[in-house]
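What follows is a set of notes on a single structure, which appears directly below.
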Amino acid sequence: MIESRLSIEIKIHCPFKSSMTSRPASPPPEKMKFQLNLRQRGISDQAVLRAMEDVPREAFVPAVERYFAYRDTALGIECGQTISQPFVVAYMTEQLQVRSHHRVLEIGTGSGYQAAVLSKLCREVLSLERFRKLADSARQRLANLGFDNVEVILGDGFDIPDTLGAFDRIIVTAAMEDIPQPLLDRLVPGGVAMAPVGPHNSTQVLVRIKRVNDTFERSELVAVRFVPALPGLAREL
């Protein structure tokens with residue numbers, strides 16, 4: 001177990017409805033504070049820092065929240081979900097140790113922000129989302145912004161189709177009470193998975209699992225709070 005005093009909280013906000021507008025220019029001071037905060041909180045991987053700088057976070061949040069896009073806080077999106085605070089996105093991405101040849105599976109597309117950051121670092125991102133509304137809007141948003149190596153699929157993160165194959169990295173962006181073994185079995189040898197694990201509506205632990213042949217090495221990293229990961233597809237959204 002990796003011990004840490006760092007505690008991260010993902011706050012749930014009320015969902016907002018919005019339509020995409022043209023990307024506004026972010027005030028330079030906000031972008032500077034954004035990058036400085038990541039470095040001060042321990043993010044040191046230069047590739048991750050560049051990816052965080054290159055992805056326009058303001059394009060992935062509702063219009064009413066764009067003033068806060070570069071603040072280190074979670075923001076509400078549609079369907080009662082959230083876009084994670086920037087530090088959490090950077091931390092999880094750094095811990096995954098993504099490389100340019102990797103194929104990455106993401107469970108929980110949301111607005112598409114985490115997938116966009118990952119796309120800057122790897123060969124391909126396949127992202128599953130259980131809410132049709134979120135999947136459709138994220139797919140369009142990512143295409144409009146030129147993230148061509150991301151594929152968004154409407155699907156159940158607890159029931160991955162066999163046709164999707166195996167992955168070098170797996171990231172789950174919602175809280176699971178435990179990581180299903182069939183999901184871990186999708187890792188190639190040497191592959192890494194990361195997910196917040198613990199009870200819903202309470203504090204979870206960010207867990208990193210590495211596959212070593214047919215065994216799985218588990219490390220517990222930091223305390224977090226995420227919205228719950230639920231099985232199946234959303235019936236109405």
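Structure notes:
- Contact map, region 138-157: first residue over 12 Å from Gly112 (Cα atoms), second residue surrounded by fewer than 19 Cβ atoms within 10 Å (Cβ to Cβ) and not small (Gly, Ala, Ser), Cβ cut-off under 7 Å, separation 6 or more or different chains; pairs are Asn149/Arg123; Asn149/Glu124; Leu154/Arg132; Leu154/Leu233; Asp156/Pro231; Asp156/Leu233.
- Selection status of Val172, closer than 29 Å to Arg50 by Cβ and either out of contact with any Gly (no Cβ under 7 Å at 6 or more places or on another chain) or without any contact (Cβ under 8 Å) to a residue 12 or more places away in the chain (or both): no
- Qualifying positions in region 201-226 - part of a strand (DSSP E or B) and within 18 Å of Thr73 (Cα to Cα): Gln204, Leu206, Val222, Ala223, Val224
- Single residue of region 69-95 satisfying the filter (in a helix (DSSP H, G or I) and of a type in the set (Asp, Glu)) that is farthest from Arg211 (Cα to Cα): Glu78
- Filter pass, Leu118 being in a helix (DSSP H, G or I) and in contact with a strand residue (DSSP E or B) (Cβ under 7 Å, 6 or more places away or on another chain): yes
- For region 54-72, a residue qualifies if it is surrounded by fewer than 17 Cβ atoms within 10 Å (Cβ to Cβ) and farther than 16 Å from Ser137 by Cβ, and the qualifying residues are Asp54, Tyr67, Phe68, Arg71, Asp72.
- Check on Val98, assigned to a loop (DSSP other than H, G, I, E, B), at pLDDT 95 or above, among the hydrophobic types (A, V, I, L, M, F, W, C) and buried (at least 21 other Cβ atoms within 10 Å of the Cβ): yes
- Those residues of region 81-103 which are free of Cβ contacts under 8 Å to residues at least 40 places away in the same chain and either farther than 27 Å from Glu217 by Cα or among the polar types (S, T, N, Q) (or both), in sequence order: Ile83, Ser100
- Taken over region 181-205, the residue count meeting the criterion of being on the phi < 0 side of the Ramachandran plot, of a type in the set (Gly, Ala, Ser) and in contact with a strand residue (DSSP E or B) (Cβ under 7 Å, 6 or more places away or on another chain) is 3.
- When Glu124, Glu78, Glu106 are screened for being touching a residue at least 40 places away in the same chain (Cβ under 8 Å), surrounded by fewer than 18 Cβ atoms within 10 Å (Cβ to Cβ) and of a type in the set (Asp, Glu), only Glu78 passes.
- Flag if Pro231 is in contact with a Phe, Trp or Tyr (Cβ under 6 Å, 6 or more places away or on another chain) and not aromatic (Phe, Trp, Tyr): yes
- Tabulated pairs, region 182-197, first more than 11 Å from Ala166 (Cβ to Cβ), second part of a helix (DSSP H, G or I) and of a type in the set (A, V, I, L, M, F, W, C), C-beta under 8 angstrom, 6+ apart or interchain: Val192/Leu96; Ala193/Leu183; Ala193/Leu184; Met194/Met92; Met194/Leu96
The values are calculated or read from the model by the stated rules, or taken from the named source; none is laboratory data. This one's a predicted model, so the numbers in the text were calculated from it and none came from an experiment. Glycine also receives a Cβ, built like all others from the backbone with ideal geometry; neighbour counts cover every protein chain displayed.
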